[in-house]
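The values are calculated or read from the model by the stated rules, or taken from the named source; none is laboratory data. What you see is a predicted model; the values in this text were computed from it and never measured. All Cβ positions, glycine included, derive from the backbone under ideal geometry; neighbour counts span all protein chains shown. Areas reflect the complete protein model, heavy atoms only, side chains present, ligands, DNA and RNA absent. Shrake-Rupley method; radii C 1.70, N 1.55, O 1.52, S 1.80 Å.
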Amino acid sequence: MIPREKPWETWIKDDTYPIGEFGWSTQSTVFLSGGESIIEVHVGESLEIPIKAIYVHRDDGRNNPKAVTLRMRAADSCELLKLSKTLSQEELLQKAYQCESGEAYDRALFFNTANLVSFTNIHRFVRLNDRVIRTINMKVTIPLDLPVELRRTIKVMPSGSVNPATVGVASRGVFLKIID
């Protein structure tokens, strides 16, 4: 029996960017990657983390351009606080959805790590050409009053919005190990 090639395998072979680092998609997408290592940061400290960004153009009939403008922001990523352990699984999932979708949420149950992230004006708007990797500095500040239960490994999510809106954004996030 002759093995049949899956259609997407052909597309992957034609790509000239590191798929393992950024990911793959059938639509035009901006990929954001902070690497795979866990970054250590002390409470009360700020640091800049380089985020690699790449735009991969797909001619999918949506009239996507060969270059896009990305407006950086932090995505909502909610970490559980101690009080959340009193909820049932169903309640927890429902309330976590509210937090991560940007709706009003109970701050006694979750801590939104988007509050730790900022971008300087120089890195807030970025022009991305097809398959050219750019580096964007994301600033992370860990406040002194960070809840004790978050002094472990947590995730922050760089994200953004793209012009045109037909282009997607995918992020791997960055893991931070919080140290007292």
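Ordering Val30, Val148 by accessible surface, largest first, gives Val148, Val30; the 1.4 Å probe counts only protein heavy atoms, with every chain in place. The stretch between Asn115 and Ile39 holds 25.6 nm of extra length on full extension. This uses 0.36 nm per residue minus the Cα-Cα distance. For the chain, the tally of Lys pairs with Cα-Cα distances below 26 Å comes to 17, considering only residues 8 or more apart or on different chains. Spin-label model, Gln89/Phe175: points 7 Å from Cα along the beta carbon direction are separated by 2.3 nm.
Per residue, the chain exposes 58 Å² of solvent-accessible protein surface, assessed with a 1.4 angstrom probe and all protein chains in place. Since only Gly168, Asn115, Leu93 are under comparison, the one whose Cα sits farthest along the positive direction of the charge dipole of the chain, derived from C-beta charges on Lys, Arg, Asp and Glu, is Gly168.
Region 134-170 and region 55-98 have their alpha-carbon centroids 11 Å apart.
According to the square roots a ≥ b ≥ c of the eigenvalues of the Cα gyration tensor, what is the shape class of region 29-171, taking rounded for a/c under 1.5, prolate for a/b larger than b/c otherwise, and oblate for the remainder? Please list the in-between numbers first.
On the way: a/c = 2.71, a/b = 1.57, b/c = 1.72.
Oblate is the answer for region 29-171, as a/c is 1.5 or above yet b/c matches or exceeds a/b.
Here the chain is treated with +1 on each Lys and Arg Cβ and -1 on each Asp and Glu Cβ, and its dipole about the Cα centre works out to around 400 debye.
Please arrange Arg62, Arg151, Arg73 by accessible surface area, largest first, computed with a 1.4 Å probe and ligands excluded. Write out the running numbers ahead of the final one.
Numbers: Arg62 125, Arg151 70, Arg73 100 Å².
Most to least solvent-accessible, the answer reads Arg62, Arg73, Arg151.
Using a 1.4 angstrom probe on heavy atoms only, work out the carbon and sulfur share of the accessible area of the chain in %. Present the calculation step by step, with values, prior to reporting the outcome.
Numbers: 5390 of 10500 Å².
Accessible surface attributable to carbon and sulfur in the chain totals 51 percent.
Using C-alpha pairs under 8 Å with a sequence gap of at least 6, the mean separation divided by the residue count of region 28-180 gives a relative contact order of 41 percent. For the pair Arg58 and Arg152 in one chain, pulling the backbone fully straight at 0.36 nm per residue adds 29.9 nm over the alpha carbon distance.
So how tilted is helix 89-100 from the main axis of the chain? Cα-based, degrees 0 to 90, rounded to 10. Orientation of helix 89-100: about 70 degrees from the principal axis.
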